[in-house]
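Trainee: Submitted below is the structure of interest, expressed as C-alpha cells.
The values are calculated or read from the model by the stated rules, or taken from the named source; none is laboratory data. Everything quoted here is computed from the prediction, not taken from an experiment. Cβ: placed from backbone, ideal geometry, glycine included. Neighbour counts: every protein chain shown.
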Amino acid sequence: MISIRRVQARTAIAVEAAANAVLRAMRRMLWPGARPLAPARVAIYRIGNIGDTACAVPALAAIRRTFPAAHITLITSPGARGLPGASELLAGAGTTDDIVTYYADEVANVRGRLALIRAMRVRRFDLWIELPVVAATFTTLVRNMIAARLGGARHGLGWRHDGLRLFARAQSEQIDFPPETARLLAMLAALGLIPADRPGAVAAAASPPSPLAIGAVDHAAAARLLAAHGLNARPLVILAPGAKAPPNRWPPDRFAAVGAELASRGYALAILGGTDDRALAEDVARAIGYAAASFAGRTTVLESCAMLTRAALLICNDSGVQHLAALVGTPSVSLFSCRDFRGKWFPSGAHHVVLRKEVDCHTCFLDRCPRGNLCINLIEPAEVLDRALALIPAPGSGAARRAVSGS
C-alpha cells in the first residue's frame, strides 16, 4: 500500500514539474531561437552570500570551460551592504572576466531595478545563464527571466524551480535531495552546457581542483596569524560555530568542549567566521584555552581559505565556511539541524561527515525554534569528537608532521 507521505511527495514533484514546464514555455516564447554556440558575451546571474557563491563555483568553472573564448560577467548581490560575496571570493580566479555587484537597497524600488536593467542592456549579452538559488520562488524566477529579456540578452537559459515547500516533510522523507553544488551542475548538464553523455563529467565537475586565486599574500597572512598565537607547531583543526539561522547553531559550549579535548590531545584550534560571529568565536576560544585563537572577522575571505588549506579538519555548523572548506579540499564534520530539506546544503565531496538527527518536526524552515533547537542539540560532543578523530592524523604521526610543515 502506498503511504500518504509518498503520495504527498509525488504530488509535490508533479506540481514542481508543472511549474518548470511553464518556465520552459515562457523562456521559449521570449527566446524562440537556438542557443548561440559561441557567444562572445555571457552573463551569469547568481546572488547570495559566501555559501551560495561557493556552491556555485564549480558551475562557474564549468561554464568557463564550455565558453573559453567568451567574456563572462557575473551579476550578483550579497544582499545588504557590508556582507561579503562573490567579489571577495572570486577575485583573480579567472572563472569570470568581471563581476557586477549590486545591493538590496539599490533595487528596492522600480527606479533602481530599471537602472540595473539599463546597465545590462549596454553590455549586449549574447547569452544569459541564471543559476537560481534554492529559495527562489516561481514568481521571482518569472521576474528574473523578464528582466533578462528587458536587459537585452539575445538568448537565455536557467530559471529552474527547485525546493517547493509543498508537503515539505514528506519530501524530506521520500526524496534524496542533491547538494547545492551538484544541483547546479545537473542543471547545466540538462541545458547542454556540460557534456552529460561523458561518464562522470558532472561528478568530476563537482570536485575540481580549487579554482580560487588564493595567493602568496593570503597564505602569508594566514601563516602570520597562526604563528602569532603559537598555533603553527601543532596539527590544526578549525572550528566554525556561527550560522545565519539560530536553529542551525550547535551550542557554543559544545564546540568549546570538543575543542578543549582536541587541544588536550595535541591539536591547535583556530576559530573562523564572519564579523557577526566575532563575540561568539572569542568566547569559544577563551573556553578552550591556550591552544586556541579566534580569527572571526579578522581575515579576508581568501585568507580564511588559505587557513583552511592548512587545516587537517573543519568542525562546523551549516554555514558558508563548510562550503569554502569543500572548495579547497579540507574535510569537515558538519553539524546540521533538520529545519531544511535533507541534503540540500550538505558539503560537496565524499570526504565530509554530516551529523543530522531526525525529529518529528523536521523540515520546518523556522528561523526561531519553539522547541529549543531540539534537533541540532541531539548531536552529542562525544559523537562529534569520535568522527573528528577518525578523520585526522594523530599528533606526532608522519601525516601530522607533514601538515604542520605545510609539505
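Trainee: Would you please name the residue that is farthest from the chain's Cα centre (by Cα), looking only at residues in segment 41-61 that are within 12 Å of Ile129 (Cα to Cα) and among the hydrophobic types (A, V, I, L, M, F, W, C)?
Mentor: So, considering only residues that are within 12 Å of Ile129 (Cα to Cα) and among the hydrophobic types (A, V, I, L, M, F, W, C), the one farthest from the chain's Cα centre (by Cα) is Val42.
Trainee: So, one more: Considering only helices (runs of 4 or more DSSP H) fully contained in segment 288-407, which possess at least 2 residues that are at pLDDT 95 or above and in contact with a Pro (Cβ under 8 Å, 6 or more places away or on another chain)?
Mentor: 320-328, 374-377
Trainee: Quick check on segment 142-156. Is at least one of its residues under 20 Å from the mean Cα position of the chain (by Cα), surrounded by 17 or more Cβ atoms within 10 Å (Cβ to Cβ) and either not basic (Lys, Arg) or not in a helix (DSSP H, G or I) (or both)?
Mentor: Checked segment 142-156: no residue is under 20 Å from the mean Cα position of the chain (by Cα), surrounded by 17 or more Cβ atoms within 10 Å (Cβ to Cβ) and either not basic (Lys, Arg) or not in a helix (DSSP H, G or I) (or both).
Trainee: Moving on to the next point. Inside segment 129-148, can you point out the residues that are farther than 17 Å from Val107 by Cβ and modelled with pLDDT of 95 or more?
Mentor: Listed by number, the residues that qualify are Ile129, Leu131, Phe138.
Trainee: When you check Ser348 against the structure, is it hydroxyl-bearing (Ser, Thr, Tyr) and in contact with an Asp or Glu (Cβ under 9 Å, 6 or more places away or on another chain), yes or no?
Mentor: yes
Residues are listed down the side, and each one gets a yes or a no for (1) buried (at least 18 other Cβ atoms within 10 Å of the Cβ); (2) at pLDDT 70 or above; (3) over 23 Å from Tyr45 (Cβ atoms):
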| residue | (1), (2), (3) |
| --- | --- |
| Ser172 | yes, yes, yes |
| Phe177 | yes, yes, no |
| Ala196 | no, no, no |
| Ala206 | yes, no, no |
| Ala213 | no, yes, no |
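Trainee: When you scan segment 36-132 for strands (runs of 3 or more DSSP E) that lie fully inside it, which ones turn up with 3 or more residues that are outside the structural domain of Gln322 (by TED's automatic domain parsing) and out of contact with any Gly (no Cβ under 8 Å at 6 or more places or on another chain)?
Mentor: 41-45, 71-76, 98-101
To keep it simple, each residue is scored yes or no on (1) among the aliphatic types (A, V, I, L, M); (2) surrounded by 14 or more Cβ atoms within 10 Å (Cβ to Cβ).
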residue	(1), (2)
Leu23	yes, yes
Gly33	no, no
Ala43	yes, yes
Gly48	no, yes
Gly51	no, yes
Ala70	yes, yes
Leu74	yes, yes
